[in-house]
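Presented below is the structure to which this report refers.
The values are calculated or read from the model by the stated rules, or taken from the named source; none is laboratory data. Quick caveat, the model's predicted, so the values are computed rather than measured. Virtual Cβ from ideal backbone geometry, glycine too; neighbours counted across all protein chains shown.
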Amino acid sequence: MLLYIMKTKILQIALLTLVLTGAAAQGIQQDRQTEEIIVYRLPNPERVYIYNDGSVVYDAAIPNTAIINNTFILPDNVRLDSLSISQGGRRIHSYTTFIGEVLVILRSGERPYQVRVVQVSIPDLRTGVPLNVKYGIRNSGLSWNIMLDMEVQSNNNLNCALIAELRAADNLPEMTRSILARNPEIILASSSNALLEDSAAFFNLGKPLIEANKRQLIRLEEGTVPYRIVYVWDANRRERPTAFLRAQSPLKSMVGQTQFYLNSNGMIIHNGYLTVSPDRPFDIPVGEQPNIVTYKSIVTREFTEAEFPDRKTHPFTHSLEYKVENQSGKAIDLEIHVPITVGINHRTEYTFTTKPPDDRPGDRLLWRYNVPPGGNIVLQFSFDTDVRHDPTYRQFDYSEGNGR
């Protein structure tokens with residue numbers, strides 16, 4: 001009887017041990033399941049700023065569902081020196097960042113992935129108040145530039161379209177792809193004049209879908225303006241005038257040096273770089289006109305101090321003559337540019353025989369003419385100076401004296 005009772009108690013203890021062991025194992029399994037269902041979500045990007053120096057900045061909201069134990073995640077290529085956190089419009093400066101691997105839902109409806117991220121933990125986070133972050137990323141794979149497409153149209157009109165070229169590399173990080181797939185606002189930003197409200201510091205492209213290994217062209221601004229052909233003769237340095245297509249910019253944007261393409265009848269007739277600004281006209285060289293004939297001569301006379309003591313400070317007189325004949329079948333607008341000669345010790349004194357210059361931009365004298373078909377013009381002037389000669393005189397058709 002005693003043996004039976006002992007066996008019964010031993011059996012009860014064994015059963016109890018099994019029950020407790022099973023309960024403990026079930027509790028451990030439940031804890032593991034609890035750990036496994038901790039899944040993070042990436043920030044919801046509202047705006048993506050792509051700067052022209054290659055930097056990319058995200059302006060994002062952190063939803064409450066993405067904050068677990070006062071912690072949220074950012075991509076592992078985040079630039080921590082650019083991280084800005086705010087809640088209720090007030091900056092948060094106290095937080096901790098650390099790198100780890102967690103389960104992340106990259107796209108809605110897909111299973112979570114184990115992803116390397118930067119975790120951000122905020123000790124004093126207010127419950128229910130929206131959290132916003134701005135952060136830059138390294139190696140974004142996104143780049144852009146602006147180009148100007150110009151097309152010559154009928155009636156001497158020039159159509160100008162300012163176009164943004166947006167490129168996404170084929171090796172975009174998976175987290176970057178998932179963020180861009182949410183269609184945030186894309187803003188092209190200038191890194192040089194971002195503080196100037198009246199400049200074209202930002203171009204809002206709306207919400208285009210950006211995908212890896214794709215190039216997108218997006219029109220930013222367009223306008224049409226009349227143009228004219230102006231023949232510019234840099235008279236002391238070139239043998240004949242260069243034809244320029246000249247037009248005032250119809251665009252309000254100011255984007256500085258920009259690559260342009262000039263099209264006519266479906267062909268690119270010229271390309272290069274020019275400054276795009278509302279106050280700067282377009283001045284594009286388009287070639288030379290062989291039916292514009294030029295001639296230039298220089299006569300230099302030296303006055304000795306013994307013979308002319310009043311010419312001590314200006315012993316040299318340079319007399320110049322420029323001729324242009326328009327042998328083409330239509331009238332031309334002509335500009336003649338001549339560099340100003342600056343005295344070594346004394347101010348140069350000019351005397352204009354035919355007519356004074358129409359303008360004096362910078363270091364040049366500029367004359368403007370409208371030359372009819374078969375017409376010609378003659379420009380003559382002289383100047384007294386202490387400069388003996390100019391190396392460009394060697395390119396003149398006729399040179400006498402030259403102060404040598």
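Every condition in (1) in the same structural domain as residue 350 (by TED's automatic domain parsing); (2) in a loop (DSSP other than H, G, I, E, B) is met by residue 280 except one, and the failing one is (1). Scanning segment 322-361 for residues that are surrounded by 15 or more Cβ atoms within 10 Å (Cβ to Cβ), in contact with a Leu (Cβ under 7 Å, 6 or more places away or on another chain) and assigned to a strand (DSSP E or B) yields a total of 6. Somewhere in segment 255-274, is a residue within 26 Å of the chain's Cα centre (by Cα), in contact (Cβ under 8 Å) with a residue 60 or more places away in the chain and part of a loop (DSSP other than H, G, I, E, B)? Among the residues of segment 255-274, at least one is within 26 Å of the chain's Cα centre (by Cα), in contact (Cβ under 8 Å) with a residue 60 or more places away in the chain and part of a loop (DSSP other than H, G, I, E, B), which makes the answer yes.
Restricting attention to segment 291-305, does a residue exist that is under 30 Å from residue 150 (Cα atoms) and under 45 Å from the mean Cα position of the chain (by Cα)? Yes, segment 291-305 has at least one match. Looking across segment 275-290 at every residue that is hydrophobic (A, V, I, L, M, F, W, C) and under 17 Å from residue 242 (Cα atoms), the one that is nearest to the chain's Cα centre (by Cα) is identified as 282. Among residues of segment 97-126 that are in contact (Cβ under 8 Å) with a residue 40 or more places away in the chain, those with a beta-carbon under 8 Å from a residue that is buried (at least 16 other Cβ atoms within 10 Å of the Cβ) and of a type in the set (Lys, Arg) at least six positions away or on a different chain give the pairs 104/41; 105/41. Of everything in segment 293-321 that is part of a loop (DSSP other than H, G, I, E, B) and among the β-branched types (Val, Ile, Thr), the residue that is nearest to residue 400 (Cα to Cα) is 304.
The number of residues in segment 235-249 being in contact (Cβ under 8 Å) with a residue 60 or more places away in the chain and surrounded by fewer than 17 Cβ atoms within 10 Å (Cβ to Cβ) comes to 2.
Taken as a whole, the condition of being loosely packed, with under 15 Cβ neighbours inside 10 Å, among the aliphatic types (A, V, I, L, M), modelled with pLDDT of 85 or more and more than 17 Å from the chain's Cα centre (by Cα) applies to residue 181. Scanning segment 203-213 for residues that are in a strand (DSSP E or B) and surrounded by 14 or more Cβ atoms within 10 Å (Cβ to Cβ) yields one hit, 203. If you go through segment 125-138, how many residues are out of contact with any Pro (no Cβ under 8 Å at 6 or more places or on another chain) and under 18 Å from residue 186 (Cβ atoms)? Result for segment 125-138: 3.
Sort out which residues of segment 362-396 are assigned to a loop (DSSP other than H, G, I, E, B), under 45 Å from the mean Cα position of the chain (by Cα) and surrounded by fewer than 16 Cβ atoms within 10 Å (Cβ to Cβ), and write them in order of number. Residues satisfying the conditions are 362, 363, 372, 373.
Can you report the number of residues in segment 46-70 which are buried (at least 18 other Cβ atoms within 10 Å of the Cβ) and in a strand (DSSP E or B)?
10
Residue 168 falls short on exactly one of the conditions (1) at pLDDT 90 or above; (2) surrounded by 15 or more Cβ atoms within 10 Å (Cβ to Cβ); (3) in contact with a Phe, Trp or Tyr (Cβ under 9 Å, 6 or more places away or on another chain), and that condition is (3).
Within segment 85-131, being among the polar types (S, T, N, Q) and either within 24 Å of residue 181 (Cβ to Cβ) or under 35 Å from the mean Cα position of the chain (by Cα) (or both) holds for 86, 87, 97, 108, 114, 119. Scanning segment 296-309 turns up at least one residue that is of a type outside the set (Ser, Thr, Tyr) and within 15 Å of residue 233 (Cα to Cα).
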